Amino acid sequence: MTSIAFIGLGNMGGPMAANLVKASHKVTGFDLVESLRSQAKSDGAALANTAASAAQGADVVITMLPAGKHVLSVWTEVLPTMRKGALIIDCSTIDVESAKQAHALAAKHGIASVDAPVSGGTGGAKGATLTFMCGGEDKAFAAAKPILENMGKKIVHCGGAGAGQAAKICNNMILGVSMIAVSEAFALAEKLGLSHQALFDVASTSSGQCWSLTSYCPVPGPVPTSPANNDYKPGFASALMVKDLTLAQDAAKTAGAATPLGKHAQEIYKAFDAAGNGGVDFSGIVKHVRSLAAK
Ligand code: NAD
């Protein structure tokens with residue numbers, strides 16, 4: 001049994017902390033929101049009044065927070081209270097630069113650290129089937145892996161500090177661009193009088209095959225489990241896709257990489273979000289793509 005402090009008990013962190021309790025760890029939770037603390041309590045976690053008191057004496061501290069500024073602020077608060085030899089893991093999706101700063105802060109306090117953003121969404125968080133993309137030193141990763149295995153199915157060591165965040169935003173840039181490409185193909189097929197199923201049957205077994213088509217098809221019918229069959233309820237909300245595409249653009253600027261399609265995808269998702277669709281699943285972009293034809 002490991003003693004774990006879990007800070008940030010939202011849509012993802014709540015069920016992830018509950019899975020650590022199920023795996024018989026001693027979990028102490030903290031969130032700013034009272035109702036989320038109560039939920040964690042009924043899931044079997046102990047509660048603390050502050051992030052620092054949750055972290056005090058813990059073997060492992062895990063953060064699952066909205067953005068880099070929250071992570072840096074919470075890590076600044078908890079690191080001085082942590083015992084030497086303990087481990088801190090951030091599972092939030094944040095910018096690469098903040099992730100690197102967070103690792104440097106931990107090193108200053110003699111605490112091992114791992115950035116471990118996830119893919120798999122709230123379903124993966126509940127079902128403990130997340131994929132973790134990890135950055136950090138070998139020894140820190142080796143210590144983090146058995147803990148992360150209680151919340152996920154696949155744990156990948158991507159490299160040093162910030163490498164997990166780098167892998168996450170590169171993957172999600174592919175996802176954003178490919179979902180728009182698949183949506184454009186369906187919109188064109190509709191205008192050409194081709195049925196959704198006919199395009200799916202051909203492209204899913206041809207060179208157009210990709211996850212956005214075969215696992216998460218943006219039109220209803222061909223893939224019964226895709227959000228298109230459930231009025232585009234998320235799944236993965238468009239606002240989160242805007243966030244990840246923006247992180248990718250920020251990283252591309254800092255690193256001097258050219259990502260013209262990533263930039264265009266960011267603009268398209270931003271327009272969809274600004275029209276009030278932030279809570280719609282990101283595959284709902286097919287509706288936006290269709291609407292462009294009328295303009
Ligand atoms: P969320 O907003 O539901 O949860 C974040 C929680 O952090 C909130 O409950 C908030 O009260 C808490 N918080 C903020 N500042 C805090 C502080 N100083 N101390 C304690 N708690 C604090 O968000 P989420 O959907 O759970 O996402 C969390 C992270 O995971 C984000 O970085 C997101 O990009 C990433 N992510 C989300 C999904 C998804 O499908 N929801 C998928 C992959 C990755």
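Largest mean-square fluctuation among Val202, Val223, Val60, in a Gaussian network model of the chain whose springs join Cα atoms under 10 Å apart, belongs to Val202. Taking 22 Å as R0, compute the FRET efficiency from the Cβ-Cβ separation of Leu47 and Ser24 and round it to 0.05. That gives a FRET efficiency of 0.75. Label the stretch 3-160 by shape, choosing from rounded, prolate and oblate, from the square roots a ≥ b ≥ c of the eigenvalues of the Cα gyration tensor; if a/c is under 1.5 it is rounded, and otherwise prolate applies when a/b is larger than b/c, oblate when it is not. Taking the square roots of the gyration eigenvalues as a ≥ b ≥ c, the stretch 3-160 is rounded. Within the accessible surface of the stretch 166-293, defined with a 1.4 Å probe on protein heavy atoms only, the carbon and sulfur portion equals 62 percent.
Taking chymotrypsin sites (Phe, Trp or Tyr not before Pro) across the stretch 190-263, none is in a DSSP loop with at most 15 further Cβ atoms lying within 10 angstrom of its Cβ.
Val61 sits among other residues whose Cβ lies under 15 Å from its own Cβ, and their net charge, with Lys and Arg +1 and Asp and Glu -1, is -2.
Full extension of the chain segment joining Val156 with Ser207 gains 15.6 nm, where the gain is 0.36 nm per residue of separation less the Cα-Cα distance. A protection proxy built from the mean count of other Cβ atoms within 10 Å ranks the segments 133-141, 273-281, most packed first, as 133-141, 273-281. Its relative contact order, with pairs defined as Cα atoms under 8 Å and 6+ residues apart, puts the stretch 213-268 at 20 percent. In plain terms, the chain from Ala293 to Ala104 could stretch by 63.1 nm, reckoned as 0.36 nm per residue minus the Cα-Cα distance. The dipole here belongs to the chain: it is taken about the Cα centre, uses +1 on the Cβ of Lys and Arg and -1 on the Cβ of Asp and Glu, and is about 200 debye. Quick one: if the Förster radius is 45 Å, what FRET efficiency do Ser35 and Leu192 give, using the C-beta to C-beta distance and rounding to 0.05? After rounding, the FRET efficiency stands at 0.35.
Given axes a ≥ b ≥ c from the Cα gyration tensor, I'd like to know whether the stretch 15-85 is rounded (a/c under 1.5), prolate (a/b larger than b/c) or oblate. Taking the square roots of the gyration eigenvalues as a ≥ b ≥ c, the stretch 15-85 is oblate.
The DSSP beta bridges internal to the chain are antiparallel in roughly 15% of cases. Largest mean-square fluctuation among Leu72, Leu36, Leu192, in a Gaussian network model of the chain whose springs join Cα atoms under 10 Å apart, belongs to Leu192.
The values are calculated or read from the model by the stated rules, or taken from the named source; none is laboratory data. Just so you know, these numbers come straight off a predicted model, no measurement behind them. Neighbour counts are summed over all protein chains in view; Cβ atoms, including those assigned to glycine, are modelled from backbone coordinates with ideal geometry. When the accessible area is computed, the model is the full protein with side chains, heavy atoms only, and any ligands, DNA or RNA have been set aside. Shrake-Rupley method; radii C 1.70, N 1.55, O 1.52, S 1.80 Å.
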